[in-house]
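Just below is one structure, and these are the notes that go with it.
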């Protein structure tokens with residue numbers, strides 16, 4: 001019987017000498033995107049701006065409308081997103097400008113049903129005559145960012161960001177933040193022709 005106690009004591013000592021098992025800490029996904037490098041666009045449009053070189057495909061299309069209109073799609077294939085820009089010329093009519101402003105603001109407000117918060121930042125550059133606003137729509141929404149810029153006389157440009165995925169705010173947040181910097185850069189570099 002003593003032998004059994006000695007064997008049990010020996011086995012317990014062997015097991016007790018091993019390292020303690022510690023659970024691993026939670027891991028978080030770390031997405032790293034390249035530093036943005038910008039280049040000026042060279043398209044037959046009534047405005048120019050700088051885009052990130054990560055945006056590999058830029059498609060432009062003239063739209064037949066009562067006013068001169070253009071659509072520009074800036075695609076980010078590696079981020080699975082597209083920034084849709086729409087340009088409209090203002091017909092020297094204050095009502096026309098008010099309609100464009102109302103439409104741009106209403107588009108952002110339609111997201112209030114799903115949005116947690118919609119902070120809007122005004123933008124103004126009197127030297128280049130560019131005035132507008134940037135809206136970051138937080139929450140599980142279809143378009144996490146929208147903006148518009150205008151010279152209040154002749155030009156009006158709106159933009160909205162979409163991803164090729166089901167809207168899940170936490171999942172798309174790193175890519176959305178990256179492209180939001182590009183949107184702000186577009187707003188800061190727009191020049192009217």
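The values are calculated or read from the model by the stated rules, or taken from the named source; none is laboratory data. Bear in mind that the values here come from a model prediction, so they are computed numbers and not experimental data. Using ideal geometry, Cβ is built from the backbone for each residue, glycine included, and neighbour counts are taken over all protein chains shown.
Brief remarks follow.
- Of the residues making up the stretch 79-94, those that are farther than 18 Å from residue 145 by Cβ and in contact (Cβ under 8 Å) with a residue 12 or more places away in the chain are 88, 89, 90, 91, 92.
- Test: residue in the stretch 117-135 that is touching a residue at least 12 places away in the same chain (Cβ under 8 Å) and within 12 Å of the chain's Cα centre (by Cα): yes
- There is at least one residue in the stretch 174-193 that is assigned to a strand (DSSP E or B) and touching a strand residue (DSSP E or B) at 6+ places or on another chain (Cβ under 8 Å).
- Scope the stretch 60-76; condition closer than 13 Å to residue 156 by Cβ and surrounded by 13 or more Cβ atoms within 10 Å (Cβ to Cβ); matching residues: 67, 68, 69, 70
- Residue count for the stretch 142-172, restricted to those that are touching a residue at least 12 places away in the same chain (Cβ under 8 Å) and either within 9 Å of the chain's Cα centre (by Cα) or not in a loop (DSSP other than H, G, I, E, B) (or both): 19
- Matching option when the condition is on the phi < 0 side of the Ramachandran plot, at pLDDT below 90 and crowded, with 17+ Cβ neighbours inside 10 Å, among 112, 108, 150: 108
- Selection status of residue 41, free of Cβ contacts under 8 Å to residues at least 40 places away in the same chain, touching a strand residue (DSSP E or B) at 6+ places or on another chain (Cβ under 6 Å) and buried (at least 16 other Cβ atoms within 10 Å of the Cβ): yes
- Condition met for residue 181 (within 24 Å of residue 114 (Cα to Cα) and without any contact (Cβ under 8 Å) to a residue 12 or more places away in the chain): no
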